[in-house]
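One structure is given below, encoded as structure tokens.
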Amino acid sequence: MAYLHWSSDLDTGIDVIDKQHRRIVDYLNELNTANDAGDNKVTSHVLNELVDYTLTHFAFEEELQERAAYPFLKAHKRVHEIFTKRVAEFLKRAEAGENVTPELLSMLKIWLVNHIKGDDADYAECVKQNLGLESTMDRTGGWLGSALKRLFG
């Protein structure tokens, strides 16, 4: 299966979000490698890491939108909830012994690119304007630093 390569058209212009998205792409590629190698133990481990990181990313993104008073936060949260339910169904199938990884990878890659270019691009301007977050931002203090530490350790 083809690897997902980061391209500049996936940048939101919010450094902290772009870094998280790149990490999700890295996890997808790690999952791809483990699946191609036929290593079920590593595949399962990477899949769990990917799911945990993505859920944490969603929580961070939603907090960012809330602080920026993004008017479509509720709809964005709903998109995350629907996606999370879809992934949970794949995980149930995997726990039952089915090899869902190729199908899951395909869905994840398509969903992620569409989500970043659509839903995430829509909130980026609001966040940048209302919170002053730019791509050159390197703040670790205040609410941003505490949210990053709380969610990502």
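Values quoted throughout were computed directly from the atomic coordinates according to the rules given, and no laboratory measurement underlies them. As the structure is a computational prediction, the values presented were derived from the model and not from experiment. FYI the Cβ positions are ideal-geometry reconstructions off the backbone, even for glycines, and counts take in every protein chain you see.
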For the chain, with +1 on Lys and Arg beta carbons and -1 on Asp and Glu, the positive-most of H76, S8, I110 along the dipole: H76
Looking at the chain as a GNM with Cα springs under 10 Å, which of K92, K109, K77 has the largest mean-square fluctuation? K92
Most mobile of G118, G132, G97 per a Gaussian network model of the chain (Cα springs, under 10 Å)? G97
Fewest to most Cβ atoms within 10 Å: F72, F58 sort as F72, F58
Computed ³J(HN,Hα) along segment 43-57: with the Karplus parameters 6.51/-1.76/1.60, θ = phi - 60°, integer Hz and x for glycine or proline, the list is 4, 5, 4, 5, 4, 5, 4, 4, 5, 4, 5, 5, 5, 5, 4
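How far, in nm, would the chain grow between W111 and V42 when pulled straight, counting 0.36 nm per residue and subtracting the alpha carbon separation?
Values: separation 69, 0.36 × 69 = 24.84 nm, distance 2.30 nm.
Gain in length upon complete extension: 22.5 nm.
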Matching label for the computed Cα extents along the principal axes in Å, out of (1) 57, 37, 26; (2) 39, 33, 32; (3) 46, 28, 27, is (3)
With springs connecting C-alpha atoms under 10 Å apart, model the chain as a Gaussian network and identify which of A94, A121, A68 has the largest mean-square fluctuation. A94
